[in-house]
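The values are calculated or read from the model by the stated rules, or taken from the named source; none is laboratory data. This one's a predicted model, so the numbers in the text were calculated from it and none came from an experiment. Note that each Cβ is placed from the backbone with ideal geometry, even for glycine, and that neighbours are counted across all protein chains shown. These accessible areas exclude ligands, DNA and RNA; they are computed on the full protein's heavy atoms, side chains included. Shrake-Rupley method; radii C 1.70, N 1.55, O 1.52, S 1.80 Å.
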Amino acid sequence: MPTIQKPSSHLRGVLFFSVLALSSIVSAHSTDTNVDQANKNLPNTPAAWSAAARNDIQIAYQETFDNHPGVYDTQNPDFRKNLQRAKQSGLTLAAKVTNAAGYKAAIERFNVSLQDGHAGAYTNLTEKDLPPMRWPGFVTVWRGDGLYVYASETGGPEAGAKVLSCDGIKTRDLVMKNLFAFRGIASEPGAWWVLPRATFYDVGNPFISLPKRCQFAHEGKTFSKTLTWQLTSEKFNKWRNESYNGDELAVGMTEPRPGLIWVAMPSFQPNEKERDAYRQLTADIEAQRQRYLDSDAIVIDLRHNQGGSSAWSKQFARALWGNDRVNRRLQAFAQKQEVWWRSSKANTAYLAELVDNLKQEKQVEAAAEFGKAQVGMQQALARGDTYYMKTKDADKETALTSEEAKIDRAEDPLAFTKPVYVIVPGQCASACLDALDVFTRFENTKLIGAPSSADSTYMEVRQKKLPSGLATVIIPNKMYVNRPRGAGVFYMPAIPVTDINWSSATFLKVIESDLASKKPR
């Protein structure tokens with residue numbers, strides 16, 4: 001079984017911002033030029049930028065206070081204190097803001113100080129609104145214990161060189177000072193696998209000092225380089241995209257060689273084409289299950305996955321391992337778990353809209369499930385209750401221990417026992433973590449890649465654009481009570497993959513090597 005790690009008590013609830021692609025939304029520099037400009041009037045003086053930052057942080061605070069389930073969560077008594085601290089930290093920087101880049105940094109400081117991976121705000125600023133991004137001619141990635149050069153222009157540090165320090169500051173300290181002070185959560189190993197590469201992106205943050213001269217180590221030698229910051233190029237864009245999670249495969253199944261089945265799940269926020277691909281994948285497993293039973297192994301590729309809906313991974317798991325077999329294990333896993341929906345007026349209205357959208361997407365089961373919650377929220381709102389509490393129905397659900405849940409029954413399909421390798425990226429959170437909860441109920445599952453991200457217990461996020469149009473606030477609608485995977489808990493890989501290049505070929509080599517080690521000699 002995989003290793004599940006809990007944060008130390010003083011770090012519990014300190015989370016990485018990745019729900020609903022938040023780690024991409026709050027990226028080092030937005031490249032989305034399609035943001036609705038009609039509802040976004042940029043401030044035109046330093047004083048106006050400062051005022052905009054102050055106003056938006058105040059509004060983000062109030063929206064969060066009015067709607068976030070954590071405000072009244074007795075199991076998280078520090079939430080209100082953290083929210084107040086987030087407001088004050090953001091406002092402190094807002095007073096010093098003079099431009100768009102400073103505004104962005106102030107909003108990011110609000111996020112980091114909030115310490116909740118499923119809340120906060122992000123800016124709607126595009127690359128046209130911000131200073132041109134610069135880089136020092138090389139791109140880095142974090143792999144296990146340090147920051148390494150992924151690729152470099154001629155004359156730069158060699159690919160594979162480790163960054164030891166810059167301007168006398170050790171690399172880890174530099175990352176903490178320039179990056180984690182504004183983005184991500186340093187207590188999570190997964191965050192280190194994703195965010196530190198942005199240490200060598202200049203996004204115009206006026207509250208940091210860019211590194212000037214860095215020391216590297218490569219093939220037993222150390223050397224120093226003076227950094228020349230320059231406008232980004234096509235090479236930068238290519239290397240940055242490649243270095244993130246490697247190549248991105250389309251949703252669906254491929255077979256790199258006979259007997260090795262590769263299932264790509266790069267998103268649980270699928271578009272219409274991807275939704276059809278997921279449905280076809282499930283149908284193929286059910287129609288050709290013997291093919292999977294006879295395989296050498298199955299690879300579930302979660303690279304690039306940023307969360308979304310947990311329905312897709314559950315559908316796949318039920319087709320592979322058996323519907324009732326999966327249900328029993330999940331029931332035992334979450335025996336005491338309850339779901340409490342924050343029944344504010346805005347949250348209730350959002351859920352009604354969500355149900356309509358799910359019906360249009362023909363997600364019948366999900367629409368029915370959320371429809372029940374929406375009715376319960378509406379009733380709770382009418383009564384003046386803080387939460388609609390969706391509790392377990394003891395009469396309809398038989399208690400099972402984890403060991404009892406593993407016992408096969410006569411009506412179960414043939415057990416799938418071949419190795420399952422799940423490729424985990426560092427940003428895996430939200431529905432991606434839910435998928436790991438499901439897959440790891442089975443002993444033939446092995447996690448490979450990076451440590452996962454972690455979640456708070458606050459889920460089902462909605463987004464609301466602020467009146468200025470400059471930023472959007474993130475608000476979860478529900479919280480888990482007694483969830484078995486607590487706040488801040490993450491998964492560790494059985495096989496860490498520390499290769500600089502996270503390509504499909506790299507992972508195929510790792511998997512083939514592990515399979516070969518199991519063959520009788």
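Results for (1) more than 24 Å from ASP247 (Cβ to Cβ); (2) among the small types (Gly, Ala, Ser); (3) open to solvent by 50 Å² or more (accessible area, probe 1.4 Å), shown as yes or no for each residue.
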{"site": "ALA277", "(1), (2), (3)": "no, yes, no"}
{"site": "ARG291", "(1), (2), (3)": "yes, no, yes"}
{"site": "ILE298", "(1), (2), (3)": "no, no, no"}
{"site": "GLN306", "(1), (2), (3)": "no, no, no"}
{"site": "SER310", "(1), (2), (3)": "yes, yes, no"}
{"site": "PHE316", "(1), (2), (3)": "no, no, no"}
Looking only at strands (runs of 3 or more DSSP E) that lie completely in the range 241-360, which have at least 1 residues being within 26 Å of HIS118 (Cα to Cα)?
260-264, 297-301, 338-342
Show the residue pairs that are 6+ apart or on different chains and have beta-carbon atoms under 6 Å apart, the first residue being within the range 320-344 and farther than 30 Å from GLN288 by Cβ and open to solvent by 20 Å² or more (accessible area, probe 1.4 Å), the second being of a type in the set (A, V, I, L, M, F, W, C) and not in a helix (DSSP H, G or I).
GLU338/VAL481; TRP340/MET389; TRP340/MET479; TRP340/VAL481
Within the range 191-225, restricting attention to residues that are open to solvent by 20 Å² or more (accessible area, probe 1.4 Å) and of a type in the set (Gly, Ala, Ser), which residue is farthest from LEU433 (Cα to Cα)?
SER224
Candidate set: the range 117-166, residues that are in contact (Cβ under 8 Å) with a residue 60 or more places away in the chain and hydroxyl-bearing (Ser, Thr, Tyr); chosen: the one surrounded by the most Cβ atoms within 10 Å (Cβ to Cβ):
THR140
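Across the range 59-71, which residue is nearest to MET133 (Cα to Cα) among those that are of a type outside the set (Phe, Trp, Tyr) and surrounded by fewer than 21 Cβ atoms within 10 Å (Cβ to Cβ)?
ILE59
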Log entry, pairs with first residue in the range 279-291 being on the phi < 0 side of the Ramachandran plot, second being open to solvent by 40 Å² or more (accessible area, probe 1.4 Å), beta carbons closer than 6 Å, six or more apart or on different chains, reads LEU281/MET253; THR282/GLN315
Name the single residue, out of those in the range 413-454 being open to solvent by 10 Å² or more (accessible area, probe 1.4 Å) and of a type in the set (A, V, I, L, M), that is nearest to VAL141 (Cα to Cα).
ALA415
I'm trying to understand the selection: among the residues of the range 74-123, which are assigned to a loop (DSSP other than H, G, I, E, B), touching a helix residue (DSSP H, G or I) at 6+ places or on another chain (Cβ under 7 Å) and under 19 Å from ILE185 (Cβ atoms)?
ASN76, GLN115, ASP116, GLY117, HIS118, ALA119
Scan the range 167-180 residue by residue and report those that are open to solvent by 30 Å² or more (accessible area, probe 1.4 Å), over 20 Å from ILE500 (Cβ atoms) and not in a strand (DSSP E or B).
ASP167, GLY168, ASP173, MET176, LYS177
Can GLY168 be described as out of contact with any helix residue (DSSP H, G or I) (no Cβ under 7 Å at 6 or more places or on another chain) and at pLDDT 95 or above?
yes
Check off (1) over 25 Å from the mean Cα position of the chain (by Cα); (2) within 23 Å of ALA181 (Cβ to Cβ); (3) open to solvent by 10 Å² or more (accessible area, probe 1.4 Å) for THR74 and give me the number that stays unchecked.
(2)
What about VAL71, is it in a helix (DSSP H, G or I) and either modelled with pLDDT of 95 or more or out of contact with any Cys (no Cβ under 7 Å at 6 or more places or on another chain) (or both)?
yes
Of the residues in the range 497-520, those that are under 20 Å from the mean Cα position of the chain (by Cα) and crowded, with 18+ Cβ neighbours inside 10 Å number 2
Take ALA60 and decide whether it is within 24 Å of the chain's Cα centre (by Cα), at pLDDT 95 or above and small (Gly, Ala, Ser).
yes
